1. How many of the residues in region A:43-79 are touching a helix residue (DSSP H, G or I) at 6+ places or on another chain (Cβ under 9 Å) and at the interface with chain B (Cβ under 9 Å from one of its Cβ atoms)?
2. For region A:16-32, enumerate the residues that are within 9 Å of chain B (Cβ to nearest Cβ) and crowded, with 17+ Cβ neighbours inside 10 Å.
3. Regarding region B:82-99, can at least one residue be identified that is facing chain A (nearest Cβ under 7 Å), more than 17 Å from the chain's Cα centre (by Cα) and in a helix (DSSP H, G or I)?
4. Looking at this structure, is A:Q11 part of a helix (DSSP H, G or I), among the polar types (S, T, N, Q) and touching a residue at least 24 places away in the same chain (Cβ under 8 Å)?
5. Among the residues of region B:13-38, count how many are part of a helix (DSSP H, G or I), surrounded by fewer than 24 Cβ atoms within 10 Å (Cβ to Cβ) and in contact with a His (Cβ under 7 Å, 6 or more places away or on another chain).
6. Only one of these conditions is not met by B:A78: (1) more than 17 Å from the chain's Cα centre (by Cα); (2) closer than 24 Å to B:A37 by Cβ; (3) free of Cβ contacts under 8 Å to residues at least 12 places away in the same chain. Which number is it?
7. May I ask you to list the residues in region B:117-134 that are over 18 Å from A:S97 (Cβ atoms) and surrounded by 14 or more Cβ atoms within 10 Å (Cβ to Cβ)?
8. Which of the residues spanning region B:164-190 are assigned to a strand (DSSP E or B) and modelled with pLDDT of 90 or more?
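The values are calculated or read from the model by the stated rules, or taken from the named source; none is laboratory data. Keep in mind it's a predicted model, so treat the numbers as computed, not measured. In this analysis, Cβ positions are derived from the backbone assuming ideal geometry, glycine residues included, and neighbour counts consider all displayed protein chains.
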Amino acid sequence: MPETKTEISEQTVWMLAVRDRKDREAFGALFDHFAPRLKGFIMRTGCSGAQAEEIVQDVMLTVWRKASMFDPHRAQVSAWIYQIARNRHIDIIRKESRPVPEELAEDPDAEPDASQILAVEQEAGKLKDALSSLRPEQREMIEKAYLGELTHQEISTQTGLPLGTIKSRIRLGLERLRHELKGLRE
Amino acid sequence: MTAITHHIPDAMLAAYAAGNLPHHFAVAVASHVSLCAHCRAALEAHQAMGGALLEASGSVAVSGSMKADLLAQLDAPATPEPDYTRRGIYPGPVVAALKGQDPKWKTLGMGVRQSILSQDRNGSVRLLYIPGGQAVPDHGHNGLEMTLVLQGSFSDDTGRFGVGDIEIANQDLEHTPIADPGDACICLAATDAPLRFNAFIPRLLQPLFRI
C-alpha cells in the first residue's frame, strides 16, 4: 500500500500563490521547476534549443497571465501547463489560433476543497508510476502521441493507459465547479 | 434539455489535446467539449497524462538570462485577446470561428441553409440549417465528418442526435439524416473532404455550392 499523501504538492502551492496573490517568488519557483522540463519536452519534437526557449518563454508568460483559470480541483499544475505548452507551440509554429473550449473559471472566493485537490494529485501520481513501469518502446509511443506525433487513427490502435480513475476524479471537480457557478448566478 | 449521449472517441480527444487534430475537427471537438462535462473530464484526463510525461521528461538547462528576462516582462501590458463566449445556441469556439459576427446563411434549396466558417484544401467547417422534418440530402463521405447538434435534433440509421450530441461518420456510412419535426435543426459540420451528394444537387455543381 503506497503512502497516502496528506499535503498538497509544492507546485500547486506555488501556482495558487501566483493565481491568488500574483506572487513573483512563487512564479520564480515554478519557472525553476518547469522551464528546463518544458525545454526538454519541446526539444523532443525536433525543435532547436533556441526555438524551444522561445516557446518556453511564451508558455511561462501565459501561465502568469492566465493564472486565474487554474483550478486544482480538476488539474495538476503539470497537466495545466502541458496544455498551454501544446497550444502555444502549435500557435507559434503554425501561426494560427487553436480552437479551445470555453473556459470554466473557479469562483475566486470559493473555499478550496483539500481532499479533492489531493485526490487529483494522487491519481496523477499513479499515472506517473504507471508510465515508469512501461517498456521503453511503449513509453516512447505514448510520448509521441502526447507530443502530437501520432494521428488519432494511430493512437486508437495503441493500447490505452488506465485513465479511468483520474477521469472520475476530474468529473467530481467539474461537478463541484458547476455547483459553485450555479450558486454565483442565484 | 436531454442528456448528451453521443460523445467523442478517446483517441480523438488525445489527438486534440496533443494538437494533432486538423483545424476543422478541432473546432468541432472544442465546441462539443464546451457543452459536454463527460468529454471535458476525459480531455482533462489526457492533459493529466501529458502533464505526467512533462514531469518525467528530461530537463535541459535554460540560458542564464532567461528567468530575469521573463520576470522583467511580467508587468508589461498584454494585448487583450478577444473573449469569445457562448452566444445563444453557439458555444464559444463557434463564436470565435464566426469572429463574434452572426452566421452568414446561404440558401442551398429546399429550405436548407449553410454558413461556411472556414475551408481550405484540408476540409471545411460550417453551420447547417435544416428545417424540421426535412431530410439532409442523402450523401456519403470521402473522408471523416463530425456533426455537432446545436439546436433541434436529427435522426438517421444509427440513432437520434439532440443538442450537444456529436455524430462521427466515416466513408463507410451512407446515411440519410432527417431533422426531427419541430424546430429547425442547426448543426456544426466539420469534414476533411468535400461531401458527395447522391441526389439533390448534381455532383457537377458541388464546387459551386461548396458542399
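1. So the count comes out to 16.
2. A:F27, A:F31
3. No - not one qualifying residue is present in region B:82-99.
4. Yes.
5. Total meeting the criteria: 1.
6. Only one criterion in (1) more than 17 Å from the chain's Cα centre (by Cα); (2) closer than 24 Å to B:A37 by Cβ; (3) free of Cβ contacts under 8 Å to residues at least 12 places away in the same chain is unmet by B:A78, namely (2).
7. Passing the criteria: B:R126, B:L127, B:L128, B:Y129, B:I130, B:P131, B:G132, B:Q134.
8. B:I166, B:E167, B:I168, B:I178, B:A179, B:C185, B:I186, B:C187, B:L188, B:A189, B:A190
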